[in-house]
Amino acid sequence: MEQIPHNPETGVYSTGGDWIHGLEVRGTERMLFVSGTMGLRPDFTAPPTLDEQLECVWNNLRAILASAGMTVDNIVRLTSYLRDADYAEANAQARIKALGDRRIPTTAIVVQTLEPDWLIELEIIAAA
């Protein structure tokens, strides 16, 4: 599978370098669409802090990806649902930590979650 970033420097606003506008995926045989995944522990409880929930959500995503024989390197799109706009920076830093040098198209949206202690939900698309 080939991944080609499309991040024009003219004609559109800058991404700031921690995400890209588009990612072309060629030669994929499989795609995995992952439903919104929360930062919950396996017993369905939410850790009390945003940092702990961000750690949990990325661990949950890694487990889901592994079940499909994939890793975070296969993620080609990410949507973040944040309970509070103040969570944006911590969410971005967790994404950068999880993806390393890879940059993908991403969107963050502020929402009311189904439970007040659910602070973050991530939805991904992966390809292989």
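Per residue, the chain exposes 56 Å² of solvent-accessible protein surface, assessed with a 1.4 angstrom probe and all protein chains in place.
Mind pulling the angle between the C-alpha long axis of helix 88-99 and the longest principal axis of the chain? Nearest 10 degrees, somewhere in 0 to 90. Between the helix axis and the principal axis of the chain, the angle is about 60 degrees. Stokes-Einstein diffusion of region 48-122 at 20 °C, 1.002 mPa s viscosity, Kirkwood radius from Cα pairs, rounded to a whole number: 168 µm²/s.
Stretched out straight at 0.36 nm per residue, the stretch from Asp117 to Glu52 would grow longer than its current Cα-Cα span by 22.2 nm. Since only Leu61, Val76, Trp118 are under comparison, the one whose Cα sits farthest along the positive direction of the charge dipole of the chain, derived from C-beta charges on Lys, Arg, Asp and Glu, is Val76.
Against the chain, whose longest principal axis comes from its Cα atoms, helix 50-67 is set at around 60 degrees. Surface composition of the chain: carbon plus sulfur atoms hold 52% of the accessible area, using a 1.4 angstrom probe and ignoring ligands, DNA and RNA. Counting 0.36 nm for each residue step from Asn7 to Asn59 and taking away their Cα separation leaves a gain of 15.9 nm.
Set against the labelled values (i) 12, 47, 35, 6, 0; (ii) 12, 37, 25, 11, 9, 5, 1, 0; (iii) 12, 44, 33, 11, 1, P(r) over Cα pairs in 10 Å bins from 0, in percent computed from this structure falls on (iii). Given +1 at the Cβ of Lys and Arg, -1 at the Cβ of Asp and Glu and no other charges, the dipole of region 31-128 around its Cα centre is 440 debye to the nearest 20.
Descending by average beta-carbon neighbour count within 10 Å, the peptides 94-107, 52-65, 33-46 line up as 52-65, 94-107, 33-46, the highest first. Less than 10 Å Cβ to Cβ from Ile96, Lys/Arg counted +1 and Asp/Glu -1: what total charge do the surrounding residues give? Neighbourhood net charge equals +2.
The values are calculated or read from the model by the stated rules, or taken from the named source; none is laboratory data. All of these numbers come straight from a predicted model, not from anything done at the bench. Ideal geometry is used to build each Cβ from the backbone, glycine not excepted, and the neighbour counts take in all protein chains shown. For the accessible areas, the whole protein counts, side chains as well, though only heavy atoms, and no ligand, DNA or RNA atoms are used. Shrake-Rupley method; radii C 1.70, N 1.55, O 1.52, S 1.80 Å.
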